[in-house]
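Novice: Take a look at the following structure, please.
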Amino acid sequence: MWTDILSVSPRLGVRGAMKKSLLIVAMLGVVAASQADVIANWTFEVSIPATAGPHAAEIGTGLATGSHSNASVVYSNPVGNGSLESFSSNFWSVGDYYQFQFSTIGLENVNFSWDQTGSSTGPRDFQVQYSTDGTNFTNFGSGYEVLLNGAPNGAWTSSAYNPAYSFSVDMSSVSAIDNQANVFLRLTNTSTVSINLGTVATGGTNRVDNVLVEATAVPEPATMAILGLGVAALARRRRKN
């Protein structure tokens, strides 16, 4: 590596080449750290959620649960979006939710994505919420609307993935959930309006699938220090020139 750098820039000399090489190594470390890692991915193909949970993530580590104020709620596992299973429930009331718990120790810049749909009399309006204690939750962004499972966007099937039902939120601006032992994300029902613009019925269902949480590694202090030294060295060299 050193030979290559010296051959490209002979005027740098050995000391200059060493500084440049340290900078390149540090930059490569930062780039590697910025690549997203999967924290937890729920496909529900193994957990097969016929209860409120908790259901373990199929990839990574995390727990998915459901919560309803009505004790008559039925959890089920109908066909997913491009898969055999999903996480579904009925008897929806305002404040009911799906929750996903995981750790971000050593990680930052969380990205959260999922697929969601419902029946015509299922709940339409939801809100993403986050917490680090499982009790006090904060809304993230604006609320969103769930599409009907069927026409005009096509129904969920086990054989083909339908991107019309996909949601994704970049939560990198929420530093409160970085490097935490426990992070809770909720998809919370916020109104009694159904997907068909009527009122949510007790038999109206809502389902989620392909829930994915990703984040990037927090850069090591040593890497950042080397990068800072390299940048400073280049800045001094430019001033001299």
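The values are calculated or read from the model by the stated rules, or taken from the named source; none is laboratory data. A quick note: this is a predicted structure, and the numbers were derived from the prediction, not measured. Positions of Cβ are backbone-derived with ideal geometry, glycine not excepted, and every protein chain shown enters the neighbour counts. The accessibility values were calculated without ligands, DNA or RNA, using every heavy atom of the protein model including side chains. Shrake-Rupley method; radii C 1.70, N 1.55, O 1.52, S 1.80 Å.
Novice: The stretch 163-215: D in µm²/s via Stokes-Einstein (Kirkwood Rh, Cα pairs, 25 °C, 0.890 mPa s)? Please list the in-between numbers first.
Specialist: On the way: Rh = 14.3 Å.
For these conditions, the coefficient is 171 µm²/s.
Novice: May I ask for the distance between the Cα centers of the stretch 164-201 and the stretch 79-141, given as a whole number of Å?
Specialist: 5
Novice: Sort 48, 39 by accessible area with a 1.4 Å probe, largest first. Spell out each step's value before the answer.
Specialist: Numbers: 48 70, 39 15 Å².
Final ranking, largest accessible area leading: 48, 39.
Novice: Report the convex hull volume per residue for the stretch 32-80, counting only C-alpha atoms, in Å³. List each step's numbers first, then the result.
Specialist: Working: hull volume 4.6 nm³, N = 49.
For the stretch 32-80, the hull spanned by Cα atoms encloses 95 Å³ per residue.
Novice: How large is ³J(HN,Hα) for each residue in the stretch 208-217, as worked out from phi by the Karplus curve 6.51 cos²θ - 1.76 cosθ + 1.60 (θ = phi - 60°), to whole Hz, x for Gly and Pro?
Specialist: Karplus-based 3J(HN,Hα) across the stretch 208-217 equals 10, 7, 6, 7, 10, 10, 10, 7, 10, 5 Hz.
Novice: Hey, another quick one. With the crude spin-label approximation of a point 7 Å out along Cα→Cβ, what separation in nm comes out for residue 59 versus residue 46?
Specialist: Here the modelled spin labels are 1.2 nm apart.
Novice: Percent of Cα-Cα pairs per 10 Å bin, from 0 to the last occupied bin, for the stretch 46-188, please list those.
Specialist: Percent of pairs per bin, in order: 11, 40, 38, 11, 0.
Novice: Can you compute the modelled spin-label distance between residue 181 and residue 70, with each label point 7 Å from Cα toward Cβ, in nm?
Specialist: Modelled inter-label distance: 3.8 nm.
Novice: Provide the gained length on full extension for the span residue 94 to residue 157, in nm with one decimal, where the gain is 0.36 nm per separating residue minus the Cα-Cα distance. Walk me through the numbers on the way to the answer.
Specialist: On the way: separation 63, 0.36 × 63 = 22.68 nm, distance 2.83 nm.
Residue separation times 0.36 nm, minus the Cα-Cα distance, leaves 19.8 nm.
Novice: Using the Cα atoms as the points, what is the convex hull volume per residue of the stretch 126-195 in Å³? List each step's numbers first, then the result.
Specialist: Numbers: hull volume 9.2 nm³, N = 70.
Hull volume over Cα atoms, normalised by residue count, gives 132 Å³.
Novice: Let's test the formula: R0 of 22 Å, r as the Cβ-Cβ distance of residue 142 and residue 36. What FRET efficiency results, to the nearest 0.05?
Specialist: It comes to 0.40.
Novice: Please list, in order along the stretch 166-183, the HN-Hα scalar couplings obtained from phi with the Karplus expression 6.51 cos²θ - 1.76 cosθ + 1.60 (θ = phi - 60°), rounded to whole Hz, x for Gly and Pro.
Specialist: Couplings: 8, 10, 8, 10, 8, 9, 5, 7, 8, 5, 5, 9, 7, 6, 10, 5, 9, 10 Hz.
Novice: Still on this structure, I have one more. I need the phi-derived Karplus couplings for the stretch 68-73: 6.51 cos²θ - 1.76 cosθ + 1.60, θ = phi - 60°, integer Hz, Gly and Pro marked x.
Specialist: Once rounded to whole Hz, the list reads 10, 6, 8, 5, 7, 4.
Novice: List the equivalent ellipsoid semi-axes of the stretch 51-131 in whole Å, largest first, each obtained as the square root of 5λ for an eigenvalue λ of the Cα gyration tensor. Spell out each step's value before the answer.
Specialist: Values: eigenvalues 106, 47, 35 Å².
For the stretch 51-131, the semi-axes come out at 23, 15, 13 Å.
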